[in-house]
Amino acid sequence: MTDLAWVALSLTGRIGKKTLDALMQHFGGDLNAVLSADEKALRQVSGIGPKIAQSIRTIDLDSVQQSLIRWQKAGVRVITLPDADYPVRLRGLDDAPPTLFIRGERWQSEGRCAALVGTRSPSRPSLEIAKNLAAHLIERGYTIVSGLALGIDSAAHHEAMVAQEGHTLAVLGSGVLNIYPSEHEYLATTIMARGALVSEVQPFASPNSSTLVARNRIISGLSDCVIVIETGADGGAMHAARFATQQGRQVYAVDCDAGGNRALIDAGAIRIRPDWRDLPILS
């Protein structure tokens with residue numbers, strides 16, 4: 001049974017894993033005690049200031065419960081960090097998402113997973129690299145993880161869907177009932193039949209710059225490695241690479257002229273040739 005108090009707290013702005021852990025410790029693991037505490041008691045907890053305390057005080061559990069019922073009727077699965085089926089790879093992260101919202105028939109995160117990421121406006125050669133590499137990774141039993149964005153992400157997801165045994169996870173910066181970008185509504189539907197959509201924000205949430213960046217830590221966190229196909233020096237894929245490095249995941253970058261790829265290789269990412277035949281995980 002979903003812990004209603006946990007979900008309610010995790011959907012409150014600026015409450016993440018560390019703050020939830022602090023609240024749990026301070027209130028003896030009783031989240032209902034957290035919700036009934038006054039502002040003075042809440043502010044005794046490390047990381048709780050007046051704004052967060054006020055947000056906790058105004059949580060409406062009945063409203064959250066009605067939302068949960070509505071989301072679940074729409075096919076959304078809710079997994080919280082304390083649940084046994086929470087992804088093992090994510091559980092160990094300092095900033096693990098407290099709650100995950102999932103849509104899809106085949107939620108598979110415990111086998112081998114590789115993240116393929118890159119620019120929304122790739123060159124034709126990079127697009128072909130993404131497709132071919134995804135296909136070969138799938139042949140070797142990998143689940144493809146990416147972010148449902150235009151360009152490299154969509155190429156990797158699509159290739160996973162056309163492969164006979166392909167699986168893919170799409171990590172969204174929006175809610176799983178509010179597909180972003182909207183051009184990928186059909187792709188998202190296809191993914192749900194052979195994989196899953198994943199998000200840490202409430203299912204109808206719109207994306208913003210913060211959630212689009214933050215979802216990259218989930219992309220890398222779910223994966224054994226992150227492979228950057230092509231990205232500019234300020235591209236979104238750079239966030240996935242940085243998170244991967246912080247999480248101890250291996251970062252690979254295709255050897256091309258893109259500024260981000262050059263910067264990643266210079267910083268220690270494993271260089272792979274454009275024909276990617278030297279990629280160690282394929283050997």
- Please indicate, with yes or no, whether at least one residue in region 139-154 is more than 21 Å from GLN250 (Cβ to Cβ) and basic (Lys, Arg). no
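Can you list the helices (runs of 4 or more DSSP H) found entirely within region 81-169 that contain at least 3 residues being not assigned by TED's automatic domain parsing to the domain that holds ILE229?
88-91
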- Note on the structure: Taking region 197-244 and keeping residues touching a strand residue (DSSP E or B) at 6+ places or on another chain (Cβ under 6 Å), farther than 25 Å from PRO125 by Cβ and hydroxyl-bearing (Ser, Thr, Tyr) leaves SER199
- Message: Which residue is nearest to ARG112 (Cα to Cα), if the candidates are limited to region 210-235 and must be part of a loop (DSSP other than H, G, I, E, B) and aliphatic (A, V, I, L, M)?
- Response: LEU222
- Message: Looking at LEU31, LEU42, can you tell me which residue is over 15 Å from PRO203 (Cα atoms) and modelled with pLDDT of 95 or more?
- Response: LEU42
- Note on the structure: Just one listed residue, out of ILE219, ILE229, is within 14 Å of the chain's Cα centre (by Cα), touching a residue at least 60 places away in the same chain (Cβ under 8 Å) and either crowded, with 24+ Cβ neighbours inside 10 Å or farther than 16 Å from SER174 by Cα (or both), and it is ILE219
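Kindly establish whether GLY195 is in contact (Cβ under 8 Å) with a residue 12 or more places away in the chain and crowded, with 21+ Cβ neighbours inside 10 Å. Before the answer, list the steps.
Details: in contact (Cβ under 8 Å) with a residue 12 or more places away in the chain: yes; crowded, with 21+ Cβ neighbours inside 10 Å: yes.
Considered against the rule, which asks whether it is in contact (Cβ under 8 Å) with a residue 12 or more places away in the chain and crowded, with 21+ Cβ neighbours inside 10 Å, GLY195 comes out as yes.
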- What pairs can you find where one residue is in region 263-283 and in contact (Cβ under 8 Å) with a residue 60 or more places away in the chain, the other is loosely packed, with under 14 Cβ neighbours inside 10 Å and not in a loop (DSSP other than H, G, I, E, B), and their Cβ atoms are less than 8 Å apart, with a gap of 6+ or different chains? PRO274/PRO125
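Identify all residues within region 1-53 that are among the charged types (D, E, K, R) and in contact with a strand residue (DSSP E or B) (Cβ under 8 Å, 6 or more places away or on another chain); write none if there are none.
Residues of region 1-53 that are among the charged types (D, E, K, R), as a first pass: 3, 14, 17-18, 21, 30, 38-40, 43, 51.
Hit for region 1-53 is ASP3, nothing else.
Test of understanding: among ILE191, ILE144, ILE152, ILE138, which residue is in contact with a strand residue (DSSP E or B) (Cβ under 7 Å, 6 or more places away or on another chain) and farther than 20 Å from TRP107 by Cβ?
Values: ILE191 fails: farther than 20 Å from TRP107 by Cβ; ILE144 fails: farther than 20 Å from TRP107 by Cβ; ILE138 fails: farther than 20 Å from TRP107 by Cβ.
Selected residue: ILE152, the only one of ILE191, ILE144, ILE152, ILE138 that is in contact with a strand residue (DSSP E or B) (Cβ under 7 Å, 6 or more places away or on another chain) and farther than 20 Å from TRP107 by Cβ.
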- Task: Return the total of residues in region 248-261 being out of contact with any helix residue (DSSP H, G or I) (no Cβ under 6 Å at 6 or more places or on another chain), in contact (Cβ under 8 Å) with a residue 24 or more places away in the chain and not in a strand (DSSP E or B).
- Result: 4
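Restricting attention to region 204-245, which residues are of a type in the set (Phe, Trp, Tyr) and in contact with a Ser or Thr (Cβ under 6 Å, 6 or more places away or on another chain)?
Filtering region 204-245 for residues of a type in the set (Phe, Trp, Tyr) gives 204, 243.
Within region 204-245, PHE243 is the sole residue that qualifies.
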- Message: Here's a check for you: in region 69-80, which residue that is part of a helix (DSSP H, G or I) and without any contact (Cβ under 8 Å) to a residue 40 or more places away in the chain is surrounded by the fewest Cβ atoms within 10 Å (Cβ to Cβ)?
- Response: LYS73
- Task: Would you mind listing the helices (runs of 4 or more DSSP H) fully within region 1-68 where at least 2 residues are surrounded by 18 or more Cβ atoms within 10 Å (Cβ to Cβ) and β-branched (Val, Ile, Thr)?
- Result: 50-57
- Message: When the residues of region 139-163 are narrowed to those that are without any contact (Cβ under 8 Å) to a residue 40 or more places away in the chain and more than 25 Å from ILE179 (Cα to Cα), which ends up surrounded by the fewest Cβ atoms within 10 Å (Cβ to Cβ)?
- Response: GLY141
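The values are calculated or read from the model by the stated rules, or taken from the named source; none is laboratory data. All values derive from a computational prediction rather than experimental measurement. Methodologically, a virtual Cβ is constructed for each residue, glycine included, from the backbone with ideal geometry; neighbour enumeration extends over all protein chains shown.
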